[in-house]
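The values are calculated or read from the model by the stated rules, or taken from the named source; none is laboratory data. Just so it is clear, the model here is predicted, and its values are computed rather than measured. Note that each Cβ is placed from the backbone with ideal geometry, even for glycine, and that neighbours are counted across all protein chains shown.
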Amino acid sequence: MRLMLLLPLTLMMEACASFVGKINVFPVQYDAQLGAEVARNIDSTNAAILMDSAQNAELYAYLYGIRDSILKTGQLEHAQDFTWRLRILNDSTLNAFCTPGGYIYFYTGLMRYLESEDQLAGVMAHEMAHADKRHSTDALTRQFGTDILISLVLGGAQPSMLVQIANGLTHLSYGRSAETESDISSVDWLYKTAYNPVGAAGFFQKMLENGGQEPPQFLSTHPNSDNRVEDMNEHWKSLGGKTGATFEERYQQKLKLIP
């Protein structure tokens, strides 16, 4: 019944969205529920590489400490609304992503590729911004339709659809404006911490320097822009240019905790 009542409103909102522009027609109160369903699927299908949080307590505590420093900035609109749970996938894949509702995933391949803690914090903030700014539900709505996502939240979707949505999350194309917003949010949020605010820019710079290398999966569908590093650095300067720590030595020590 709830789904039947929501669908006419959904169709009307989708029609309006085509004229207005940036409107996320997926109800925000469902983000966490959708994320929980998707995360359960991701966890079960990746059980062989999912690092147990109890058996790897020190490494998880380290990542949660980075997450907490971002949440404590007071800059996230949904800091209290979403779960912001972390999981580590022990695989060489260069990838990281965040589901709706704030379920954050890092592959150890990407963790090993990063050089310092500020870079990891920058990437984490970037991915968290996709959830906080609701880019993920916006992109999923465009790809699968609001009615399908709502039916999933309400328990009416086919299991195969859940698998498609979970798989689609790792290859979402957010678009240039969403990527820019996440880049800028990463700088804004880290500026309120002890970290070098342009940690993400340092990572992107490394990618530019390794121009012949295939980009990480989580960047492969992102818009190509040679100006991303410059834009982040310019925004950092506009905030006042406050410097922060990279915590490179500490990061390299923590990487040794990866099996």
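Some values worked out for this structure:
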{"quantity": "Selection status of Thr99, hydroxyl-bearing (Ser, Thr, Tyr), under 28 Å from Val198 (Cβ atoms), surrounded by fewer than 18 Cβ atoms within 10 Å (Cβ to Cβ) and at pLDDT below 95", "calculated": "no"}
{"quantity": "Residue check for Arg87: closer than 24 Å to Ala48 by Cβ, in contact with a strand residue (DSSP E or B) (Cβ under 6 Å, 6 or more places away or on another chain), at pLDDT 95 or above and of a type in the set (Lys, Arg)", "calculated": "yes"}
{"quantity": "Failed item, numbered, when Gly168 is tested on (1) within 16 Å of the chain's Cα centre (by Cα); (2) crowded, with 17+ Cβ neighbours inside 10 Å", "calculated": "(2)"}
{"quantity": "Residues that are surrounded by fewer than 16 Cβ atoms within 10 Å (Cβ to Cβ), of a type in the set (A, V, I, L, M) and part of a loop (DSSP other than H, G, I, E, B), drawn from the range 47-93", "calculated": "Ala47, Ala48, Ile49, Ala54"}
{"quantity": "Selection status of Glu181, under 22 Å from Leu76 (Cα atoms), modelled with pLDDT of 85 or more and buried (at least 16 other Cβ atoms within 10 Å of the Cβ)", "calculated": "yes"}
